[in-house]
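Below is one structure, written out as structure tokens; comments come after it.
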Amino acid sequence: QQPVQSPQAVILREGEDAVINCSSSKALYSVHWYRQKHGEAPVFLMILLKGGEQKGHDKISASFNEKKQQSSLYLTASQLSYSGTYFCGTTGYNQGGKLIFGQGTELSVKP
Amino acid sequence: DVKVTQSSRYLVKRTGEKVFLECVQDMDHENMFWYRQDPGLGLRLIYFSYDVKMKEKGDIPEGYSVSREKKERFSLILESASTNQTSMYLCASSLLRLADTYNEQFFGPGTRLTVL
């Protein structure tokens, strides 16, 4: 089953913060986050492995709560360049690198 | 610079035609993937391959087949294209899992296929 992302879409002003959630009904080993700008290929942001590890990428960070089978992506002081669709991809145990992606969250940052 | 290329950015085919979508990566990756992307549904895995001549079905394999004769090339085949296969098709590659690390996927630019 696909993980569920929320919200489906969000509109921000420059400098505002946002949180995107990714929830799975299955036990997770890792969560990947990708961003896809309009007309471009998805680009990797970060991987989180089981253990609740928090990672960061510029002003974008993420957490992984394996007990809740949930990951959250935090965008701080958003910039125009953050606009795009964010996807989480999840793996279970022994999945051999196969990801199951959520439906995506469309983020628009306005000046 | 790592690269995944796809044979066409845009493709228009007729119902019933056999369609080949080609993907080439230059990173010596073992894993290769084919996804289709539809609004509101995200990226759905069609097939993936973890070695030459090896393939595994993803979540939506019906109506598709794949071929991997060389490590760098992974082809998606629509045996008899139908209008419901109109979509954006994305290819990706990644290293085989090392230790406990699941490696990032690198995506190609996509092929927008329209079946009339």
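The values are calculated or read from the model by the stated rules, or taken from the named source; none is laboratory data. What you see is a predicted model; the values in this text were computed from it and never measured. Note: ideal-geometry Cβ built from the backbone for every residue, glycine included; neighbour counts use all protein chains shown. All accessible areas refer to the heavy atoms of the entire protein, side chains included, with ligands and DNA or RNA removed. Shrake-Rupley method; radii C 1.70, N 1.55, O 1.52, S 1.80 Å.
Observations on the structure shown:
- Residue in segment A:2-23 that is facing chain B (nearest Cβ under 9 Å), in contact (Cβ under 8 Å) with a residue 40 or more places away in the chain, farther than 20 Å from residue B:95 by Cα and open to solvent by 30 Å² or more (accessible area, probe 1.4 Å) present: yes
- Condition check for residue A:34 on (1) hydroxyl-bearing (Ser, Thr, Tyr); (2) modelled with pLDDT under 95; (3) within 12 Å of the chain's Cα centre (by Cα): one failure, at (2).
- Which numbered condition residue B:34 fails, given (1) within 14 Å of another protein chain (Cβ to nearest Cβ); (2) over 14 Å from residue B:22 (Cα atoms): (2)
- Of all residues assigned to segment B:48-57, none qualifies as being touching a strand residue (DSSP E or B) at 6+ places or on another chain (Cβ under 6 Å), at pLDDT 95 or above and open to solvent by less than 80 Å² (accessible area, probe 1.4 Å).
- Test: residue A:1 is within 24 Å of residue B:32 (Cβ to Cβ), of a type in the set (S, T, N, Q) and modelled with pLDDT under 95: yes
- When residues of segment B:99-116 are limited to those that are part of a loop (DSSP other than H, G, I, E, B) and more than 10 Å from chain A (Cβ to nearest Cβ), the one modelled with the lowest pLDDT: B:99
- Residue within segment A:37-58 that is part of a strand (DSSP E or B), out of contact with any strand residue (DSSP E or B) (no Cβ under 7 Å at 6 or more places or on another chain) and either open to solvent by 20 Å² or more (accessible area, probe 1.4 Å) or on the phi < 0 side of the Ramachandran plot (or both) present: yes
- Selection within segment A:91-108: residues that are touching a residue at least 40 places away in the same chain (Cβ under 8 Å) and open to solvent by 10 Å² or more (accessible area, probe 1.4 Å). The member of this set that is farthest from the other protein chains (Cβ to nearest Cβ) is A:108.
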